[in-house]
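The numbers here are math on the coordinates, done by the rules we state, and not lab data. Given the structure is predicted, the values throughout are model-derived calculations rather than measurements. Here Cβ is always computed from backbone atoms with ideal geometry, including for glycine, and neighbour counts include all displayed protein chains.
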Amino acid sequence: MIKKVLVILLLAVIGFYLVDLLAQIPFGEKRDNVGDYYLQESVQSLKVANAVTGIVVNFRGFDTLGEVTVLFLAAMGLSSIMYRKKKKGDKDVRAKKPSSRILQVGVQIIFPMVVILGAYVFIHGHLTPGGGFQGGAIIATASLLMLITYRKFKVNHNTISWIESIAGVVFATLGIIGLIKGMSFLENFLPTGELNALLSGGIIAIIYVSVGFKVAAELTGVIDTVLLNNKPDSNNENN
Amino acid sequence: MIWLIIPIIVLVLLTIGAAIFAVVTKNLLYAVVSTGVISLGLSLFFFILQAPDVALTEAAIGVALTTIIFIITIRNTTQYEGDHKENKIEKGAKS
């Protein structure tokens with residue numbers, strides 16, 4: 001009882017100060033011009049048609065590097081927790097029964113299309129909506145389809161970690177080249193080209209392709225680890 | 001004009017209904033699938049509200065990957081919440 005009263009009191013105090021703070025901010029007024037600056041600059045000087053990409057990769061490129069690092073750490077932590085070596089007596093966790101014929105044929109048709117869609121999304125990240133993260137997630141969905149349909153489809157973890165590492169190194173190297181050229185980290189040092197052309201926006205396209213590869217490899221690795229390496233408790237192993 | 005609003009209202013009701021169902025139901029598999037439905041509705045909202053980047057992310061991550069990871073988790077644990085009788089039957093049968 002006294003616990004509940006304390007909790008309610010604490011909530012009331014926090015709520016009072018939050019309302020007090022928020023009441024001082026005028027509602028609905030325009031208080032900064034940074035949005036206008038981004039919209040103008042990403043089209044005029046960066047020549048990037050998709051302003052979101054211009055902000056995420058160029059103006060806020062360092063944050064994107066941080067996000068990629070967070071995703072990398074999460075994938076690495078998950079696989080280091082879940083991974084286990086196969087012993088001789090272990091049964092394969094995946095079901096022995098093959099999936100239905102309809103699913104197999106459908107996935108055969110749909111798999112290349114989904115991969116191409118993902119590649120399109122991250123290659124055209126600076127022209128159309130989407131970008132590295134979205135394209136990578138779409139490709140990971142395609143490999144998920146393959147994993148749940150075909151029992152023999154295996155993901156090579158060596159290849160995945162190589163792709164991941166190379167993509168990360170490309171991202172960081174592009175940033176450091178900007179430093180070497182005497183500008184800030186991740187500054188755009190390539191020619192920007194024309195608006196709406198595929199080869200425009202300088203380093204943005206290269207960064208998004210590398211981010212796309214990295215995210216696709218990481219999420220595929222996560223799904224593969226979770227799907228195949230978890231050991232159900234001994235009760236469930238008999239089914 | 002009214003014909004444009006009706007599908008949006010249906011979508012809102014579907015999303016809210018799926019959210020309530022996910023909280024209420026005792027079958028965790030149904031709950032996970034209805035969270036997928038919430039994500040689908042949300043991604044359509046993001047698209048309607050002119051944020052296609054966020055809509056793509058929500059569709060790829062929320063609908064596909066999160067749902068699948070939760071379903072894999074349910075496969076390796078129990079399907080019902082709390083002390084449901086089917087859980088007990090399963091455990092009793094196997095031990």
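Take every pair of alpha-carbon atoms less than 8 Å apart whose residues are at least six positions apart; their mean separation over the length of region A:115-239 yields a relative contact order of 34 percent. The label point for A:Arg101 and the one for B:Trp3, both projected 7 Å from the Cα toward the Cβ, are 4.3 nm apart. Among the listed pairs A:Lys154/A:Lys214; A:Lys30/A:Lys181; A:Lys97/A:Lys214; A:Lys47/A:Lys181; A:Lys47/A:Lys214; A:Lys97/A:Lys154, those whose Cα-Cα separation exceeds 28 Å are A:Lys30/A:Lys181; A:Lys97/A:Lys214. Inter-chain Cβ neighbour count for B:50-63, averaged per residue, equals 5 (cutoff 10 Å, partner chain atoms only).
As an exercise, use a Förster radius of 22 Å and the Cβ-Cβ distance of B:Lys26 and B:Ile71 to find the FRET efficiency, rounded to the nearest 0.05. List each step's numbers first, then the result.
Working: r = 17 Å, r/R0 = 0.76.
Working from the Cβ atoms, E equals 0.85.
Evaluate E = 1/(1 + (r/R0)^6) for A:Thr159 and A:Gln108, where r is the Cβ-Cβ distance and R0 equals 22 Å; express this FRET efficiency to the nearest 0.05. That gives a FRET efficiency of 0.50. Taking a sphere under 13 Å around the Cβ of A:Phe133 and counting the other residues whose Cβ falls inside, with K and R at +1 and D and E at -1, yields a net charge of -4. Sequence-distant contacts, meaning Cα pairs under 8 Å at least 6 residues apart, place the relative contact order of region A:1-158 at 19 percent. Remark: mean inter-chain Cβ contacts per residue of B:73-80 equal 2, using a 10 Å Cβ-Cβ cutoff to other protein chain atoms.
For A:Leu65, what is the net charge nearby, where nearby means another residue's Cβ is under 15 Å from its Cβ and Lys, Arg count +1, Asp, Glu -1?
On the way: positive: A:Arg60, A:Lys214; negative: A:Asp63, A:Glu67, A:Glu164, A:Glu187, A:Glu218.
So the environment of A:Leu65 carries a net charge of -3.
Derived from the Cα gyration tensor, the three semi-axes of the equivalent ellipsoid of chain A are 39, 32, 18 Å, largest first.
Would you mind calculating the gained length between A:Ile116 and A:Ala74 on full extension (0.36 nm times residue separation, minus the Cα-Cα distance), in nm to one decimal? Could the numbers behind the result be given before it?
Working: separation 42, 0.36 × 42 = 15.12 nm, distance 2.65 nm.
Result: 12.5 nm gained on full extension.
If packing is taken as the average number of other Cβ atoms within 10 Å across a peptide's residues, how do B:45-51, A:162-168 rank, most packed first?
Values: B:45-51: 14.0, A:162-168: 17.7.
Taking the mean over residues of other Cβ atoms within 10 Å, the ranking is A:162-168, B:45-51.
Using only atoms on other chains, find how many Cβ atoms lie within 10 Å of each Cβ of peptide A:50-56 and report the average. Walk me through the numbers on the way to the answer.
On the way: counts 2, 0, 4, 1, 0, 0, 1.
Rounded to a whole number, the mean comes out at 1.
For the pair A:Ile14 and A:Val43 in one chain, pulling the backbone fully straight at 0.36 nm per residue adds 6.1 nm over the alpha carbon distance.
Which whole-number percentage describes the relative contact order of region A:132-191, with Cα contacts under 8 Å and a sequence gap of 6 or more? Don't jump to the answer; show the numbers that get you there.
On the way: 21 pairs, mean separation 8.6, N = 60.
After rounding, I find 14 percent.
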